[in-house]
Amino acid sequence: MTLGIDVGGTNLVLGLVQDGKIVKRVSTPWFPREATLEQTIDILSEQISGILTPDTEKIGIGVPSVVDINRGIVYDTANIPSWTEVPLKDLLEARFHLPVSLNNDANCYAMGVYEGYPADAKPEVLVVITLGTGVGMGIVDRGRLFCGANCGAGELGALPYRSATLESFCSKQFFAGSGWDSLSASEAAHNGDPRATVLFNDLGKHLGDLLCTVMFAYDPSHIAFGGGIAYTYPLFRHSMEARLKRDFPYHKSLERLTVDVCTGDDIPVIGASLI
């Protein structure tokens, strides 16, 4: 039994995982922004204590920040101002006397997606792209996370693109100024609004450019989309695929490429339990 923890933007989700499935799950609002480091560790420890069982063997945590995975230190965590440099592994191991592993939340999501494929159909090289407030990315190469030297591999959303970055055009940020957010825009498109349809067509073109970059960088056998915008996949799929086929020169690689949509609340927790 492993405890997986997903430190989300607004919620803390904990799940006891056995044989790749969550057997007990708890979700609670995250720390107040004004909470001190000591208060956040106490709140986190209280939640862990409430779900741990005697047969829990380890704890895995996904954090939206830069992570020193060897030393177990998290830096500048999104939405937690007091987590600028926190030796989270040491703090929790001292309290619970269990091994603790940490990684970036996008990497944990990628491991959760990888775990969801059947045993006889695991991707050789999987790139998971989460499309939400920003663009996250995790790479699983033959069953193992590829994190880079500083746990920064896959931050392609930060690459310069047009007037800003790829993330600005491939996430919920893309809808700013349109009069819609991503949810209301998708509802409008499903109802036949031509302006919303054009909006998602343009989103697909930008995502096609992102996928070209992914193909050049990692040569994946599989790409999977997660996050809130992944639910709108049918609205941008055609223009995304057209842009990818137009601009990526190695067509045999595209013939072998599988693109999936993998969404679900349990994916990041299961992934955290596997790191």
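The values are calculated or read from the model by the stated rules, or taken from the named source; none is laboratory data. Just so we're clear, the structure is a prediction, and the values are computed from it rather than from any experiment. Please note: Cβ atoms are built from the backbone with ideal geometry, for glycine as well, and neighbour counts cover all protein chains shown. Calculation scope for accessible area: heavy atoms of the full protein, side chains included, ligands and nucleic acids excluded. Shrake-Rupley method; radii C 1.70, N 1.55, O 1.52, S 1.80 Å.
Condition first: part of a loop (DSSP other than H, G, I, E, B) and in contact (Cβ under 8 Å) with a residue 12 or more places away in the chain. Now tell me which residues in the stretch 172-185 satisfy that.
The answer is SER178, TRP180.
Conditions (1) of a type in the set (Asp, Glu); (2) open to solvent by 10 Å² or more (accessible area, probe 1.4 Å), marked per residue:
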{"position": "SER49", "(1), (2)": "no, yes"}
{"position": "ASN79", "(1), (2)": "no, yes"}
{"position": "GLU93", "(1), (2)": "yes, yes"}
{"position": "ASP105", "(1), (2)": "yes, yes"}
{"position": "CYS108", "(1), (2)": "no, no"}
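Name every residue in the stretch 176-185 that is buried (at least 19 other Cβ atoms within 10 Å of the Cβ) and either closer than 25 Å to VAL214 by Cα or not aliphatic (A, V, I, L, M) (or both), in order of residue number.
SER182
Test VAL100 against the criterion of being within 23 Å of ARG144 (Cβ to Cβ), of a type outside the set (D, E, K, R) and surrounded by 24 or more Cβ atoms within 10 Å (Cβ to Cβ), and give yes or no.
no
Filter the stretch 124-137 down to the residues that are out of contact with any Lys or Arg (no Cβ under 9 Å at 6 or more places or on another chain) and either free of Cβ contacts under 8 Å to residues at least 40 places away in the same chain or open to solvent by 10 Å² or more (accessible area, probe 1.4 Å) (or both) and list them by number.
Correct list: THR130, VAL135, GLY136.
Spot the failing condition for GLU115; the list is (1) open to solvent by 10 Å² or more (accessible area, probe 1.4 Å); (2) over 15 Å from SER221 (Cβ atoms); (3) in contact with a strand residue (DSSP E or B) (Cβ under 8 Å, 6 or more places away or on another chain), and only one is missed.
Looking at each condition in turn, GLU115 falls short on (3).
Looking for whichever is of a type in the set (Val, Ile, Thr), surrounded by fewer than 18 Cβ atoms within 10 Å (Cβ to Cβ) and under 17 Å from LEU102 (Cα atoms) here; the options are THR2, THR56, THR36, THR40. Which one fits?
It is THR56.
Exactly one condition in (1) closer than 27 Å to VAL113 by Cβ; (2) among the charged types (D, E, K, R); (3) surrounded by fewer than 21 Cβ atoms within 10 Å (Cβ to Cβ) is false for ARG162; which is it?
(1)
Taking the stretch 186-200, which residues are part of a helix (DSSP H, G or I) and open to solvent by 60 Å² or more (accessible area, probe 1.4 Å)?
GLU187, HIS190, PRO194, ARG195, THR197, VAL198, listed by residue number.
Rundown of residues vs (1) in a helix (DSSP H, G or I); (2) without any contact (Cβ under 8 Å) to a residue 24 or more places away in the chain; (3) over 25 Å from PRO64 (Cα atoms); (4) of a type in the set (S, T, N, Q), yes/no style:
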position	(1), (2), (3), (4)
MET215	yes, no, no, no
THR232	yes, no, no, yes
SER239	yes, no, yes, yes
ASP265	no, no, no, no
SER273	yes, no, no, yes
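Based on what the data block shows, is LYS205 exposed (fewer than 15 other Cβ atoms within 10 Å of the Cβ) and over 30 Å from GLY60 (Cβ atoms)?
So LYS205 does not fit the description; no.
Having 2 or more residues that are farther than 22 Å from GLY208 by Cα is the bar; report the helices (runs of 4 or more DSSP H) wholly within the stretch 55-171 that clear it.
Passing ranges, in order: 88-96, 105-116.
How many of the residues in the stretch 216-256 are farther than 16 Å from GLY136 by Cβ, in contact with a strand residue (DSSP E or B) (Cβ under 8 Å, 6 or more places away or on another chain) and either surrounded by 19 or more Cβ atoms within 10 Å (Cβ to Cβ) or polar (S, T, N, Q) (or both)?
2
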